[in-house]
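The structure appears below as structure tokens.
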Amino acid sequence: MASQYFTSMQESFRNNCKSREFPAHSAKVHSVAWSCDGRRLASGSFDKTASVFVLEKDRLVKENNYRGHGDSVDQLCWHPTNPDLFVTASGDKTIRIWDVRTTKCIATVNTKGENINICWSPDGQTIAVGNKDDVVTFIDAKTHRSKAEEQFKFEVNEISWNNDNDMFFLTNGNGCIIILSYPELKPIQSINAHPSNCICIKFDPTGKYFATGSADALVSLWDMDELVCVRCFSRLDWPARTLSFSHDGKMLASASEDHFIDIAEVETGEKLWEVQCDSPTFTVKEGKYDSNREAGTVKLFGLPNDS
């Protein structure tokens, strides 16, 4: 028997399943992210720039393009509580912090390698950036200086703090989730999560769960307190590249090189909806759903059918 939530959300998807594409870049989009207030969407691209859009009803209106990086912008993220600040990680061995109110880069921080992943701590005080040499650098968000640096002996894929800001998580090439204490960065636990490369990790906004995606095409849901796997999602055929929880933590979007985004109800694992795509997806952010595409466009899902 489907829950009332499940039924109402399916009805909502049914009535709002239109999509619209918006030109964003001159080359492939590598990363997208919503600001903490859900008003702006930022995208980073192989064309060395970032773009910011404002969400106006059923459309994205491009606000600005941010130039300065000398190489591909591979990942970006917003400040957890300030909707005006975001940070970009690039292969040019720098990260850049941007303020949408001035459209200028307010800080450029040099790093030791080509940067591929980045996250901002929940308290807003620290930015962690990982590079192709599996070094993770922790940068003070106010002074823009390095606070710590860790070299790992395994392939580091995605990095994230837990919601309480006292643990730091890494997914690695051996299928493991590595948990470090923060700020001490002492090993707490290594969890054998998947039989193959563990690619991505995402924490739900309520702090109850986190999810991981793997090259085995499985998405696993973990209880944050017990650190045990409570559920697996197996509807993808290709490696799970990216995950995103809805704002209330009740839905989980998973995407891959399959030409669809799977939307699941977290508590049951049941498929709520499938968002069709016409190219592989490497980044997805829930709100209205958006996927990056080869053509350098950003696609907005979840629009009313009559729009």
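The values are calculated or read from the model by the stated rules, or taken from the named source; none is laboratory data. Bear in mind that the values here come from a model prediction, so they are computed numbers and not experimental data. Neighbour counts run over all protein chains shown; Cβ positions are idealised from the backbone, glycine included. Calculation scope for accessible area: heavy atoms of the full protein, side chains included, ligands and nucleic acids excluded. Shrake-Rupley method; radii C 1.70, N 1.55, O 1.52, S 1.80 Å.
Structural remarks
- (1) 19.6, 59; (2) 18.3, 55; (3) 21.9, 77, with the label sought being that of the calculated Rg and Dmax of the Cα atoms in Å: (2)
- Rounded to the nearest 20 debye, dipole of the stretch 70-118 from Cβ charges on Lys, Arg, Asp, Glu: 140
- Carbon plus sulfur fraction of accessible area for the stretch 198-267, probe 1.4 Å, in percent: 48
- The fraction of accessible area contributed by carbon and sulfur in the stretch 26-103 is 45 percent, rounded to a whole number (1.4 Å probe; ligands and nucleic acids excluded).
- The gain in end-to-end length when the N110 to E11 segment is fully stretched comes to 30.8 nm, 0.36 nm per residue minus the alpha carbon separation.
- Charge dipole magnitude, Cβ of K and R +1, D and E -1 - the chain, Cα centre, debye nearest 20: 940
- The Cα center of the stretch 225-268 and the Cα center of the stretch 105-178 differ in position by 23 Å.
- Extension gain for the segment S234 to K18, taken as residue separation times 0.36 nm less the Cα-Cα distance, is 75.2 nm to one decimal.
- Which of V266, I177, Q75, positive extreme of dipole for the chain (C-beta unit charges): Q75
- The length gained by stretching the chain between F152 and K186 to full extension, at 0.36 nm per residue less their Cα-Cα distance, is 11.0 nm.
- Set K62/K142; K57/K132; K153/K208; K48/K202 screened for pairs whose C-alpha atoms are more than 32 Å apart: K57/K132
- Looking at the stretch 104-246, the accessible area is 44 square angstrom per residue; that uses a 1.4 Å probe and ignores ligands, DNA and RNA.
- Lys/Arg +1, Asp/Glu -1 at C-beta; the stretch 88-235 dipole; positive extreme among I116, S190, A148: I116
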